[in-house]
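Trainee: This structure is in structure tokens; I'll ask about it shortly.
Each reported figure results from applying straightforward, stated rules to the coordinates on display, with no laboratory input. The structure displayed is predicted, hence computed values, not measured ones. In this analysis, Cβ positions are derived from the backbone assuming ideal geometry, glycine residues included, and neighbour counts consider all displayed protein chains.
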Amino acid sequence: MPQLTSFGYDHGGEVLSGVYGGPADAPAAAVLLHGAGRGSKARLLPLADEFTAHGVQALALDFTGHGESTGHLGELSLQRRFEQAVAVIDAYVPAELPLILAGFSMSGQTVADLIAHYGDRVTAIALAAPAVYAPEAWTEPFGEGAGRFTEIIRTPDAWRRSAALDVLRGFTGRALLLVPETDEVIPPEVTEAIEDALTVRAQYTRVELTGAEHQLGLWYRDHADARKELVTGLLTGLTDRGWTATWEWLAERTGRARVDDNLLKGGWSSQMRRVTLDDTSHVVLRSFVKPFFRRHAPGLLQREADILTLLAKEDGIPAADLIAVDPDATHCDHPSLAMTALPGQVRFDEDDLEHRLDRLAALLARIHAVDPAERPRDYQAWTSADRVRTPRGDLWTRAVDLIRREPPAYEPCFLHRDFHPGNVLFHDGRVTGVVDWVETSWGPADLDVAHCSTALALLHGPEAGLGFRERYEAHGGRPLAPDADHLYWRLLDCLHYAGDATKLAGPWRESGRTDLTPELLGERLETYVRGLLATYA
């Protein structure tokens, strides 16, 4: 096993203690960053040895005031941690080597800072019980426990503004989130926010560590099997930023090699990529990475595969052709489905809006006319009177009371179940594609009309949502429920977003609709609900 060599590095009048080693022909270098308090590189030496045993160079250092480094801990800051890490990396790691970063606790922020600095050179990360911090905390000295830094980090929800979350949303490499069974330091909502950020683009895995507590440096020091699993998990598929198994599966199913891929905007439950093959053709790949959706992926992906096969025989519904599906990740890194790429793009702007609203209504009417030989599953409600979260006020209380009943009787039909502008492609004013068939169901036409209406109200204003029913009926849609029953379906859908309208609008903002602030979305949803009650109650 290659030996680690100790060093002392002069930086800013202090001496930073560290270790470095590994084979000269290593494919990457792992940088191990300890946490706050009594954290030090000493806890991470067994992990560094594990990396070198796997043929990777390893570096670990003590930040100012930690371990064997000089200086005073109270004078350290998040900014100085970052600067010290950069200085040591640049001094000891060959510039051509890809970086693997492992950050413990406070160093979750440092890892994000290093990703922002080194860009795509960072090919894999492990975040162990990580923390992130408000922007104003970055330059503040840690002090002795009662200073400005402490004041900032104790401000409720200040961490939600952390630039680290944006950096992690943009990371496209391999990412492991190491979560102890018990963590009395990092609030669960911080962990979940970091997970949400990493699942946007990264090849992500959540690792639950039974019996572990917050100090995961000590945990990995004392658990050899866990160290080996961590290193293996970071190195698998390293040359493809973690996606080797997926690209090999796609090549086998298409007979073509991947040349490039681009993440498509608009995905929330899954990552959607447009993959360029070596014959210049394109396929679209759906991968379920978020743990919740990964658990449900077998049913979701098999349903989409079945629906795409069904729709291939239907005229007037431009759906993709199924290429292959791996619903339980037998072959891929994550449960995946490959399909043909459709022309066009989603439209979230206000240009030629009236025309596009009519096209949406006509398309939904056509979808509801599908008469499958084998029915899809019955619809599932996404909220209920007991689960919904709303603002306070008589309006919302009344709206919730109106869905506190048994669902109305209905004449069932074929539903897309997630029909809205983000799932319809346009080109030159024509509909060229309908995507995202994982929620396809059997249920009331009112529910699809309701869901699209909610989206239109938030995206284009309450009147667009309130008027969609009339457009749908004008284009030959199925008969909808009487007013009181139709109101039930409309409220059942829009109340699902009452607690967080930004959930539906996230992809719209990413696509340029930055005017759709949480405040505006909240105002539009409230006006829309008032309009529904005035029209149908």
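Trainee: How about the range 66-158: which chymotrypsin sites (Phe, Trp or Tyr not before Pro) there lie in a loop by DSSP and see at most 10 other Cβ atoms within 10 Å?
Mentor: Sparse-neighbourhood loop chymotrypsin sites (Phe, Trp or Tyr not before Pro): none present.
Trainee: Same structure again: If Lys and Arg each add +1 and Asp and Glu each add -1, what is the summed charge of the other residues whose beta carbon sits under 13 Å from the beta carbon of E252?
Mentor: That sum, taken over residues with Cβ under 13 Å, equals +1.
Trainee: Mind jotting down the distance between the C-alpha centroids of the range 358-378 and the range 482-537, whole Å?
Mentor: So the two Cα centres are separated by 23 Å.
Trainee: To continue, here is another question. Give me the extension gain from W442 to E184: residue separation times 0.36 nm, minus the current Cα-Cα distance, reported in nm with one decimal.
Mentor: That works out to 88.4 nm of additional length.
Trainee: Could I ask something else about it? Would you mind computing, in nm to one decimal, how far apart the modelled labels at E252 and V86 are, each placed 7 Å from Cα along Cα→Cβ?
Mentor: 4.4 nm
Trainee: Continuing with this model, one more query. Once you keep just the Cα pairs under 8 angstrom separated by 6 or more residues, what percentage relative contact order results for the chain?
Mentor: This gives 9 percent for the chain.
Trainee: Listed highest first by mean packing, meaning other Cβ atoms within 10 Å per residue, what order do 369-382, 167-180, 64-77 come in?
Mentor: My ranking of the peptides, most packed first, is 167-180, 64-77, 369-382.
Trainee: Based on DSSP H runs of at least 4 residues, each adding -39500 (n - 2.57), what is the mean residue ellipticity at 222 nm of the chain after dividing by all its residues, to the nearest 500 deg cm²/dmol?
Mentor: It comes out at -11500 deg cm²/dmol, rounded to the nearest 500.
Trainee: Still on this structure, I have one more. Under the 0.36 nm per residue contour assumption, what length would be gained going from the current alpha-carbon distance of R513 and D321 to full extension?
Mentor: That pair, R513 and D321, stretches by 66.1 nm at full extension.
Trainee: Would you please give the residues with an amide H less than 5 Å from that of V346, counting only those at least 5 places away or on a separate chain, with H modeled from the backbone geometry?
Mentor: F426
Trainee: Okay, moving on. What are the ³J(HN,Hα) couplings of the range 468-477, residue after residue, when phi is run through the Karplus curve with 6.51, -1.76, 1.60 and θ = phi - 60°? Round to Hz, x for glycine and proline.
Mentor: Per-residue couplings from phi come out as 5, 4, 5, 5, 4, 5, 5, 9, x, x Hz.
Trainee: Also: Determine, for each peptide in 188-197, 347-356, 442-451, the mean count of other beta carbons within 10 angstrom over its residues, then list the peptides with the highest first.
Mentor: Order by mean packing, descending: 442-451, 188-197, 347-356.
Trainee: Something else now. Which value, in debye to the nearest 20, gives the size of the charge dipole of the chain about its Cα centre, when Lys and Arg are +1 and Asp and Glu are -1 at the Cβ?
Mentor: Dipole magnitude for the chain comes out near 300 debye.
Trainee: Moving on. Return the long-range amide H neighbours of V15 (sequence gap of 5 or more, or a different chain), with a cut-off of under 5 Å between placed amide H atoms.
Mentor: Close amide H contacts, sequence-distant or interchain: T70.
Trainee: Using R₀ = 35 Å, calculate the FRET efficiency as 1/(1 + (r/R₀)^6) where r is the Cβ-Cβ separation of R405 and A312; round to 0.05.
Mentor: 0.35
Trainee: Only residues of the range 410-444 count here: report those whose backbone N is under 15 Å from the spot 7 Å along Cα→Cβ of D351, or say none.
Mentor: Residues 426-430 fall inside that zone.
Trainee: Taking only the alpha-carbon positions of the chain and ignoring solvent, what does the Debye formula give for the base-10 log of I(q)/I(0) at q = 0.09 Å⁻¹?
Mentor: Debye curve over Cα of the chain, log10 I(q)/I(0) at q = 0.09 Å⁻¹: -0.75.
Trainee: Answer with one residue from G103, V88, I317: the one whose Cα lies farthest towards the positive end of the charge dipole of the chain, charges on Cβ with Lys, Arg +1 and Asp, Glu -1.
Mentor: I317
Trainee: Once you list every other residue whose beta carbon is under 12 Å from the beta carbon of D62, what net charge do they have if Lys and Arg are +1 and Asp and Glu are -1?
Mentor: Net charge around D62: +2.
Trainee: On to the next question. Taking the Cα centroid of the range 52-119 and of the range 432-467, what is the distance between the two, rounded to the nearest whole Å?
Mentor: Measuring centre to centre over Cα atoms gives 48 Å.
Trainee: Something else about it: Go through the range 11-89 and name the trypsin sites (Lys or Arg not before Pro) that are in a DSSP coil and have 15 or fewer other Cβ atoms within 10 Å of their Cβ.
Mentor: R38
Trainee: Mind giving me the FRET efficiency for T432 and E151? R0 is 60 Å, r the Cβ-Cβ distance, nearest 0.05 is fine.
Mentor: Once the sixth-power term is evaluated, E becomes 0.65.
Trainee: Which is farthest toward the positive dipole end of the chain among Y472, P412, G147, measuring Cα position about the Cα centre, with Cβ charges +1 (Lys, Arg) and -1 (Asp, Glu)?
Mentor: The one lying farthest along the dipole's positive direction is P412.
Trainee: Kindly write out, for the range 210-219 in residue order, the coupling ³J(HN,Hα) from the Karplus curve 6.51 cos²θ - 1.76 cosθ + 1.60 (θ = phi - 60°), rounded to whole Hz, with x marking Gly and Pro.
Mentor: Calculated HN-Hα couplings, in order: 4, x, 7, 10, 4, 7, 6, x, 5, 4 Hz.
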